[in-house]
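Just so you know, all these numbers are worked out from the coordinates, no wet-lab data involved. Since the model is a prediction, treat every value here as computed from it, not as a measurement. Note: ideal-geometry Cβ built from the backbone for every residue, glycine included; neighbour counts use all protein chains shown.
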Amino acid sequence: MLLSSDLWVGALIRRAEIEGAHAVVVNKGDARAGAVIVKAYDTSTRTARLYAEAFGPDGERLWIQPVTSDSEAELDAYIARQRQYDPDLWIVEIEDRQGRHFLTEKVQG
């Protein structure tokens, strides 16, 4: 059984903060079933990566990189397009010296 989006996002932010990163909710989506996008910003290289929530054929949550660029402007443009399409979307930004995303589920790379 999947956690509600608000609980899952809270746990992600807590994991990041425990490890010394800074994480914030930029856009709060539907508390129960809003999809989530995570933007991981590497403060040492000033690059970012984007992770979008998806579900595998087995129904398990996994994460994909919908944009291969590390340009923050391109990532922000993708997020803006997705927010127009899905107003219930959660956007979480994490700033970390190592660029970690703190996702515990499978990440397709």
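Between ASP58 and SER4, what is the FRET efficiency for a Förster distance of 30 Å, r being their Cβ-Cβ separation, to the nearest 0.05?
0.90
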Test of the criteria: in segment 37-100, which GluC sites (Glu not before Pro) are in a DSSP loop and have at most 14 other Cβ atoms within 10 angstrom of their Cβ? GLU60
Listed residues GLN84, GLN65, GLN98; largest mean-square fluctuation, Gaussian network over the chain with Cα springs below 10 Å, found at GLN84
In nanometres, what is the gap between the two model label sites at ALA80 and THR45, each 7 Å from Cα along Cα-to-Cβ? 2.5
How are the C-alpha pair distances of the chain spread across 5 Å bins, as whole percents from the shortest bin up? 2, 12, 24, 26, 22, 11, 3, 0
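Run the numbers for SER69 and VAL107: contour at 0.36 nm per residue of separation, minus the present Cα-Cα distance, in nm.
Residue separation times 0.36 nm, minus the Cα-Cα distance, leaves 12.0 nm.
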Taking every pair of distinct Cα atoms and averaging 1/r, then inverting, what Kirkwood hydrodynamic radius in Å comes out for segment 1-50? 12.0
Among the Cα-Cα pairs of segment 57-109, the proportion with separation greater than 15 Å, in percent, is 61
To the nearest 20 debye, segment 13-97 has a Cα-centred charge dipole, built from +1 on Lys and Arg Cβ and -1 on Asp and Glu Cβ, of 140
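In percent, what relative contact order does the chain have, based on Cα pairs under 8 Å that are 6 or more apart in sequence?
Value for the chain: 37 percent.
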For n ≥ 4 DSSP H runs only, could you compute -39500 (n - 2.57) per run for the chain, divide by its residues and tell me the 222 nm figure to the nearest 500? -8500 deg cm²/dmol
Net charge near ILE79 (other residues with Cβ under 11 Å of its Cβ; Lys, Arg +1; Asp, Glu -1) is -2
